[in-house]
Structures are given as C-alpha cells and as structure tokens.
1. In segment 186-227, which residue that is more than 16 Å from the ligand (Cβ to nearest atom) and in a loop (DSSP other than H, G, I, E, B) is least open to solvent (accessible area, probe 1.4 Å)?
2. Which residues, taken from segment 329-343, are open to solvent by 40 Å² or more (accessible area, probe 1.4 Å) and of a type in the set (A, V, I, L, M)?
3. Quick one: GLU243 ticks every box in (1) open to solvent by 40 Å² or more (accessible area, probe 1.4 Å); (2) touching a residue at least 60 places away in the same chain (Cβ under 8 Å); (3) of a type in the set (Asp, Glu) except a single one, so which number is it?
4. Which condition number does GLU55 fail, the rest of (1) in contact with a Leu (Cβ under 7 Å, 6 or more places away or on another chain); (2) over 25 Å from PRO195 (Cβ atoms); (3) charged (D, E, K, R) being met?
5. Could you tell me whether segment 307-317 includes any residue that is assigned to a strand (DSSP E or B), more than 12 Å from THR378 (Cα to Cα) and not basic (Lys, Arg)?
6. How many of the residues in segment 286-328 are open to solvent by less than 30 Å² (accessible area, probe 1.4 Å) and over 16 Å from ILE397 (Cβ atoms)?
7. Residue check: is SER127 at pLDDT 95 or above and within 16 Å of TYR356 (Cβ to Cβ)?
8. What pairs come up if the first residue lies in segment 135-152 and is away from the ligand (no atom under 13 Å from the Cβ) and small (Gly, Ala, Ser), the second is open to solvent by 10 Å² or more (accessible area, probe 1.4 Å) and assigned to a strand (DSSP E or B), and their beta carbons are under 7 Å apart, counting only those six or more places apart or on different chains?
Amino acid sequence: MSELPAIEGGSPIRSTPLRFRPWITDEDINLVIDVLRSGQLSAIGGKWNTLLEQELTKYLGAKYAITVSNGTTALHVALKAIGVGPGDEVITTPFTFAASATTILHSNAIPVFADIDRETLNIDPSSIEDAITDRTKAIIVVHLAGYPAEMDEIMKIANERGLYVIEDTAQALGAVYRGRMAGSIGHVGTLSFYPTKTITTGEGGAVITSDAEIANRVRLLRSHGETGKYYYELLGYNYRMTEFQAALGYSQLRRIEEIIKRKEMFAKVLMEELQNLENDLIQFPRPKPYIRHAWHLFQILLNLERLRVSRDRVIDALRAEGIEAATVAYPIPLHKEPIITNMMGHGKGCPWTCPYYGRKVMYKPLPNAEWAAERVVTILIGPLYTTEDAIDTAKAIRKVLNHYRR
Ligand SMILES: Cc1ncc(COP(=O)(O)O)c(C=O)c1O
C-alpha cells in the first residue's frame, strides 16, 4: 500500500511550505540604501549601471553589456538593433515564456516556431533548418530552464544561411556551453533579472554582444535614440534601469557562483533521490558532459501512460504536500496561445497582414513541444533551499507518483 497523499486526506510531507524566495543579503540592502541616500537615482549621470555593465562583460567574456528595464525590453531592443522589422520572420521555440515570441510581434515581424528536442526541451537544430524561408532574418534561441541549447549546430546553420542569432538567456545566466558562457555565443544575448532568475534587480535585464555596432544601437534604443542633447536619430524607447536596481544587480553578481552552486546542490540531490523513478514514471533533462546547467528550473516529464491522473492533478497533489515551488513551465506551447492563434498585433493587423510580408501564416503541429507541455512538472529552484528541502521535494514526488501509478 502506498502512503496516502495529502490531497486525498493523508498528512503532508511539509508543515512549512517550500516556496521560492530571492536571496537578498545585508550587503545588498546596504548598497541599495547608499544609492538611495546619494540622490542619484537614474542611470543618466549615475555610475552603477556602468559598473554592472562592466562586471557583466567580465563574467560573460563579451565586449559589451547594456543594462535595460527587463528581459522583455532586452529582447525587443536586440531585435530592433539587428534590423528585424516588417516583412521578416524570426524562428524561435514554442516551449518558452511568451516574451520570446511577443517581442518579435512588437518588432512587427512574424514568429515562426521550430520544434524542440525531447531530451533537452530546447529548440531542435534540424527543426530550425526546416523552418528557414527567404524571409528568415534571425533565430531566437532560448536556453530553457538554464540548460544551454546546442549552440555549435545552431551557429553553423545561422552562419551558412546568413542569419542573426539572439540567445534568450533570461533563464540561464551562468550556464556554460563547451567552455563558453551562454549569452555570449550568438550575435547578441539577453538577460532577465526578475526575482526568480539567477541574479535579481526586482525587474531588470541586459543585452550582451561583442559587436560594436549592435551595442551602439542598443544603447541608443534604450534611451530615446538620443545622440546629442534633445537630438534624436533612432526611434527609441525609455528602457533604462534605475541606479538602485543596478547596484543591487552589482552586489548580487559578486556572489553568482555561490548562487549557482546552491541551486546545483538542490538539483543533484533531486536527481539522486528520483533515480528509481527515472524511465519508469518520469524522465528529466540530464545535463550533458559538455554543459553547465544554471538550474533555474528542474523540469520533470511524467510518463502519463503509467499514471491514473493528469499532470494538473499531480501539480495540485505536490502543492498539497507543501511543495509550493511546483508549477508548470509551460502548459501551452506558444503556437497554440490565443495571442498567436488570434493573430494579435498592431492596429489593423500588422505584422500578420502587413503588405511588406504579403503571405499567409500557417502554424503546423509541433509534436515534441505539445508532448512536453502536456506532461511537464516544474520545480522552481531557489538559492535558499537546503538539502532537506530537496529531500522533501523528492519524497513528495515519489509519494504522489507511486500513489497514482496505474
Ligand atoms: C525565456 C524568457 N525570456 C524572456 C523573459 C522576459 O524577462 P522579464 O520578465 O525580465 O521581462 C523571461 C522571463 O520570465 C523568460 O523566462
């Protein structure tokens, strides 16, 4: 007889729920207070955005970093800086956060979805090749959950076909692919500093590149396209980060390796503790030897054929055990989201009906992304979790899945 899950009336594994919390130290707090006391709150005239940018370039081994207001605006200005606009297509993965595709629409271009690899849940390079047309301008690669995508193969395709590669590194700051930092391998990389990300500034982000022209355009686009006092040469935005946010990011970046070590510890314990369920009730993307995972999320794929309940019931049951860090990233692949199926855009329908495009968009089924979205269970990994938290999480997963085994 298996133990009764809390959702069925049993007692929960945890009396205090396991919830994500960002790791904010006294040092972080004191630095932010100092900046607030200084009265210099904007990046214009301040030093903290510049300092954070310098440290990011050193950490990532890229020539330029430009801080921005969040990971979405980072993608938007990256797309604009490489010249994406009406009539263009940009290939990306459907198994990601919406911003990876909505920023393509904000640039008045068409998102085209390639399928994913079932082992890594990242974009599949061979599916990218199939999706390329004479309109393709760029590829947005997402290093999902902190697991770096197959950059060598992707860069080879892009270089052969003359395409730009943007690495959406929102979930993967600190990940390494064959000795190179994720975000610094493509033509441009983007970061997010949302509270659940490797380092946080509350809201925030950055654009990474080693191309001087792209860097220059991103810098201008971030701040109204202003090249001289009240002189505007590019159609820009105000996507700047405040000084106190930049100071928080700077302070956090100093201990990034410690943050990743802690998340890695949690993931390692979970992998060990779940070994007996692997290839039976679940599978998970194990890191290949040539990558370092940044462990933003621990992704678990349920073997639904061997379970009596749906994935959503499993999530509810895990949360009832006190594992509130259990969630689903992502339940709907983007090609099935209303924003895409209802062709949301600008005004009278651009970019979908834009005369510069002049084609009809047809989205085909993407079996691997649909497979993953149906069965994924996500544990959001926090830097403050302990070994006991990992053991409890594994216990709850074992308890719930064994109970619902067919
Ligand atoms: C893959 C991916 N891209 C882009 C973003 C957007 O970042 P932000 O929330 O900072 O705008 C996120 C954030 O959740 C993300 O996970």
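The values are calculated or read from the model by the stated rules, or taken from the named source; none is laboratory data. Treat the numbers as computed from the prediction; the structure is a model and nothing was measured. FYI the Cβ positions are ideal-geometry reconstructions off the backbone, even for glycines, and counts take in every protein chain you see. The area values use the complete protein model at the heavy-atom level, side chains included, leaving out ligands, DNA and RNA. Shrake-Rupley method; radii C 1.70, N 1.55, O 1.52, S 1.80 Å.
1. Looking at the filtered set, the residue picked out is GLY225.
2. ILE332, ILE339, MET343 - these are the residues of segment 329-343 that are open to solvent by 40 Å² or more (accessible area, probe 1.4 Å) and of a type in the set (A, V, I, L, M).
3. (1)
4. With (1) in contact with a Leu (Cβ under 7 Å, 6 or more places away or on another chain); (2) over 25 Å from PRO195 (Cβ atoms); (3) charged (D, E, K, R) applied to GLU55, the lone miss is (2).
5. Pass one, segment 307-317, residues assigned to a strand (DSSP E or B): 307.
In the following step, the residues that additionally are more than 12 Å from THR378 (Cα to Cα) were identified as 307.
Going one step further and asking which of them are not basic (Lys, Arg), we end up with 307.
Yes: segment 307-317 contains one or more residues that are assigned to a strand (DSSP E or B), more than 12 Å from THR378 (Cα to Cα) and not basic (Lys, Arg).
6. The number of residues fulfilling the criteria is 5.
7. Details: at pLDDT 95 or above: yes; within 16 Å of TYR356 (Cβ to Cβ): no.
It is false that SER127 is at pLDDT 95 or above and within 16 Å of TYR356 (Cβ to Cβ).
8. So the pair list comes out as ALA138/TYR164.
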